[in-house]
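In what follows, a structure is listed as C-alpha cells, so that the remarks can point back to it.
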Amino acid sequence: MIDYEKFGPEPPLISEVELRSWVIHEDDDLLVFNKPGWVVCHPSKNGPWSSLVGAAREVFGLDTVHLISRLDRETSGIVIIAKHRRIASICQTAVADRMVRKTYLAILEGNLSGTHEVSKALEPDTDGPIHSKQRISTTGGGQKAQTTFKALDPLDGRTWVKVTPHTGRKHQIRAHAQWLGHPIVGDKLYGADPLIYLQFAETGWTPQMESILGFPRQALHSAGWAMDCKGVRLSFTAEIPADLLTLANNCAPNQNS
C-alpha cells in the first residue's frame, strides 16, 4: 500500500525503527541502506531526523559521515555512508575513476523492446523555470553522459527496464529516458509537464497529478552497486520496494481481461 502522506513538499521525519529497517549492510567501515522513495539524503533545515544522513548520525552515534552514493529524494535504493575518511577516500577514488558498476531498475512510459544506448551530453536547462533541471546539450558542450536501457518485461503501456549508467551526471537517467521518448513513470520534472514539479513543491501530491502521472514518485530504483579499487571489493543489492511492485502489478498485461 502506498503511503501518499509521505509524498508532500516536505518529507516526514524518520524514526529510528524505520532507519534500522532500511539497513542492508553494516560493518566498521560502511553503512548501506535501501532508501525508500520519500527520503532525502542530505541534512536539511528541519533537523537531523529529516534526512538519511542526519538520522544515521543520531542512531549510530557517528560524529562524521561521508556520503559515497546518493540518490534524489524520489529515487529508492542503495545509499552508502562511509564511517571514516580512509574508506571514504577509496570509494571516492573508485567513483571518480569510473570503477563503480551501478544497476538501476525503472518503469518507463510506453512500450520499449531491445537495448538502447543513449550517449548525449547534459547541461543545465537555463531556458526553463526550474534551475535544477538538466537537458540534452544544444550548445555542443555540456558533460558527456552515457546510459544503457535494456527492456525486461512489457507492462500495459509501460515497460520494466534495466538501466546501466556509464557516467554519473546529475539526473542522467531521467533526462536520457525523456530524450528516448520513454520518460520514467511518475517523473514530475522529466515527464509530461515539468510545471508539475513546481506545483508539487507548493501543494504536495494531488488527484490531478495522480491522473497525469499515475504514481507519486519517479519509478526508479538503485538495485546494484559494486566496486573493486585498491584491494577493496564491495558489492551490494537492494530489493525492489513494495510501491514499485504494486505499480507493476497494477499495470500488468491483460489484468482486466
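Less than 5 angstrom separates the built amide H of residue 142 from none of the residues sequence-distant by 5 or more or on a different chain. In this structure the amide hydrogen of residue 25, modeled in the peptide plane, comes within under 5 Å of the amide hydrogens of 32, none closer than 5 places in sequence on its chain. In the structure shown, the pairs 45/102; 35/83; 102/144 are assessed against 23 Å; a Cα-Cα span above that value is assigned to 45/102. Packing here is the average count of other Cβ atoms within 10 Å per residue, and on that basis the peptides 118-128, 174-184, highest first, run 174-184, 118-128. Taken about its Cα centre, the range 200-257 carries a charge dipole of roughly 260 debye when the Cβ of each Lys and Arg holds +1 and the Cβ of each Asp and Glu holds -1. Compactness of the range 93-182 was expressed as the Cα radius of gyration divided by 2.2 N^0.38 Å, which yields 1.13.
Highest mean packing first, where packing is the average number of other Cβ atoms within 10 Å per residue, the peptides 136-148, 213-225 line up as 213-225, 136-148. Only helices enter this figure: runs of n ≥ 4 DSSP H residues, each worth -39500 (n - 2.57), summed and divided by the residues of the chain, yield -6500 deg cm²/dmol at 222 nm to the nearest 500. On the basis of the beta-carbon distance and an R0 of 22 Å, residue 228 and residue 89 show a calculated FRET efficiency of 0.90. The modelled label-to-label distance between residue 96 and residue 127, using points 7 Å beyond Cα along the C-beta direction, is 3.6 nm.
The spacing between the range 151-185 and the range 20-75, judged by their C-alpha centroids, is 25 Å. Each Lys and Arg adds +1 at its Cβ and each Asp and Glu adds -1 at its Cβ; summed about the Cα centre, the chain shows a dipole of about 920 debye.
The gain in end-to-end length when the residue 6 to residue 246 segment is fully stretched comes to 84.7 nm, 0.36 nm per residue minus the alpha carbon separation. Pairs of Cα atoms in the range 80-136 fall into 10 Å distance bins, from 0 up to the last occupied one, in shares of 16, 24, 36, 22, 2 percent.
Taking 7 Å steps out from each Cα toward its Cβ at residue 146 and residue 179 produces label points 1.3 nm apart.
Computed extension gain for residue 70 through residue 162, at 0.36 nm per residue and net of the alpha carbon distance, reaches 31.2 nm. Stretching the chain fully between residue 21 and residue 170 yields a gain of 50.8 nm (0.36 nm per residue, less the alpha carbon separation).
Read-outs: derived from the displayed coordinates by stated rules, not from any lab. This is a predicted model, so every value here is computed, not measured. Backbone-built Cβ (ideal geometry, glycine too); neighbour counts: all protein chains shown.
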